[in-house]
Amino acid sequence: MNTAQIGELVKKYLTYSGTVKSGVFCSVNDAVAVAQGAYTQYSKLTLNERQEVINAIKEELMPMVNVIAKMTVEETGMGNVEDKIKKLLLAIRKTPGVEDLITEVKTGDSGMTLYELSSYGVICAVHPCTNPCATLISNTIGMLAAGNAVVHIPHPRAIKVSQFVTEMINVAIRDTCGIDNLVVTLWDTSMAVTRELMTHPDISMVVTTGGNGVLREALTSGKKVIGAGPGNPTAIVDETADLKKAARDIVQGASFDNNIMCISEKSIVVVSQAADEFIDELKKNRVYYVNNEEEMLKLTSATVTQDMGVNKAFEGKSANEILKVAGISCNEDIRLIVVDTIKQHPFATLEMLMPVVPLIRAADFDEALDTAFEIEQGFRHTATIHSQSIERLNRAAKKMQTSIFVKNGSSLAGIGYNGEGDTSFTIATTTGEGSTTARHFARRRRCTLMDAFSIR
């Protein structure tokens with residue numbers, strides 16, 4: 001697609017002043033009111049008609065993926081265009097629709113009981129700056145498949161591109177079924193606005209993907225909540241692993257979109273027996289390896305604040321940018337910085353959200369598993385392991401108890417990227433749903449018929 005074609009597509013959704021034409025409201029009450037009205041109309045559609053709406057949204061978004069990715073990087077200052085394109089395509093192609101709404105039935109001598117999934121109503125969906133549009137698109141597909149309307153609350157760092165995507169979705173819905181403002185967003189966001197929307201009497205469910213602050217607000221809203229909590233994913237590598245593949249997989253996951261994905265490997269724990277060979281394999285995958293105190297201190301000073309927090313100025317920046325600012329000379333194109341350090345280092349204890357990953361050595365597998373468990377901090381979000389031992393794979397899965405656990409693959413496989421299973425960008429660790437899809441945005445209802453429909 002050339003520049004002229006992109007320009008024409010952008011004009012389809014934006015006025016010359018740069019403001020979104022519809023689907024964006026200044027008032028929480030207005031946004032909820034129009035979404036409630038649209039929900040009433042949408043409730044009359046059949047499942048097939050819902051799927052037609054979802055298919056139309058996907059068709060509308062596909063030609064604009066490159067534009068959305070570029071806009072996201074420019075507005076948030078995080079990640080890179082190439083990987084954001086991959087995330088957007090993943091959300092569009094692999095987020096399930098109405099097929100995810102499974103019906104259950106039980107029959108016996110007394111008749112039949114049917115369990116089906118029905119809509120909640122209007123959902124308040126809060127999104128992060130790390131994956132703003134992929135999360136918005138994936139959640140929209142699942143929420144509409146379940147029969148709901150949605151009011152999106154974008155992160156302040158991604159508000160323009162989120163409004164842009166919301167308008168595209170509205171155009172697709174309106175052109176397909178004639179319903180306007182089924183998916184809406186707000187002109188401006190703040191914690192006060194978010195709190196007002198969460199507690200609005202016509203909001204039936206709150207879905208949060210982001211920081212602890214907004215999650216705490218959601219949990220006190222008095223509504224049904226699906227909440228994604230923090231994570232600090234770790235990767236275990238033992239001496240039986242295919243070290244070449246392990247290195248390639250870990251670098252793919254940890255460097256993807258400059259490590260701002262919540263599931264991306266944030267640390268590596270390797271059994272000492274395999275460490276040196278594994279490090280050699282890492283270096284073959286455009287990794288800058290740090291094992292001296294001087295460079296470690298430079299990186300720490302640049303990326304960690306004096307009060308032991310993450311320097312947010314470096315979140316989502318490239319490895320080469322971080323090395324340059326830290327005063328470390330590197331003439332190669334680097335994907336990931338791996339620092340040989342200890343489990344107490346801030347690189348291991350903090351979710352850095354940048355392509356700087358600690359490597360911690362362990363005497364044996366038992367120590368490696370205990371160390372990984374400690375670093376993950378009980379968030380139960382994501383963990384990966386590389387081993388050829390079935391017993392160790394099984395033991396690690398039981399101990400870590402994470403919502404996503406990947407064996408002998410990249411963390412990205414945990415959300416369906418080059419792996420099996422559906423895609424989700426809201427990993428509900430706090431409220432327990434795990435990888436959320438349409439079925440999680442629906443109410444489970446029970447309908448019983450006495451003395452009939454059992455034909456056994």
| said: Within the range 387-395, does at least one residue satisfy the condition of being in contact with a helix residue (DSSP H, G or I) (Cβ under 9 Å, 6 or more places away or on another chain) and among the β-branched types (V, I, T)? | reply: no
| task | Go through the residues of the range 156-163 one by one and say whether even a single one is of a type in the set (S, T, Y), in the same structural domain as E59 (by TED's automatic domain parsing) and modelled with pLDDT of 95 or more. | result | yes
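Give me the residue from the range 36-63 that is of a type in the set (K, R) and surrounded by 13 or more Cβ atoms within 10 Å (Cβ to Cβ) and, out of that set, nearest to the chain's Cα centre (by Cα).
K58
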| field | Flag for N170 being under 15 Å from the mean Cα position of the chain (by Cα) and buried (at least 24 other Cβ atoms within 10 Å of the Cβ) | value | no
| query | Among the residues of the range 171-210, which ones are in a strand (DSSP E or B), more than 27 Å from E49 (Cα to Cα) and in contact with an Asp or Glu (Cβ under 9 Å, 6 or more places away or on another chain)? | reply | T208
| query | What pairs come up if the first residue lies in the range 107-131 and is in the same structural domain as V32 (by TED's automatic domain parsing) and under 30 Å from K87 (Cα atoms), the second is among the polar types (S, T, N, Q) and exposed (fewer than 15 other Cβ atoms within 10 Å of the Cβ), and their beta carbons are under 7 Å apart, counting only those six or more places apart or on different chains? | reply | S119/S43
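The values are calculated or read from the model by the stated rules, or taken from the named source; none is laboratory data. Because the structure is a prediction, the values reported are computed rather than measured. Note: ideal-geometry Cβ built from the backbone for every residue, glycine included; neighbour counts use all protein chains shown.
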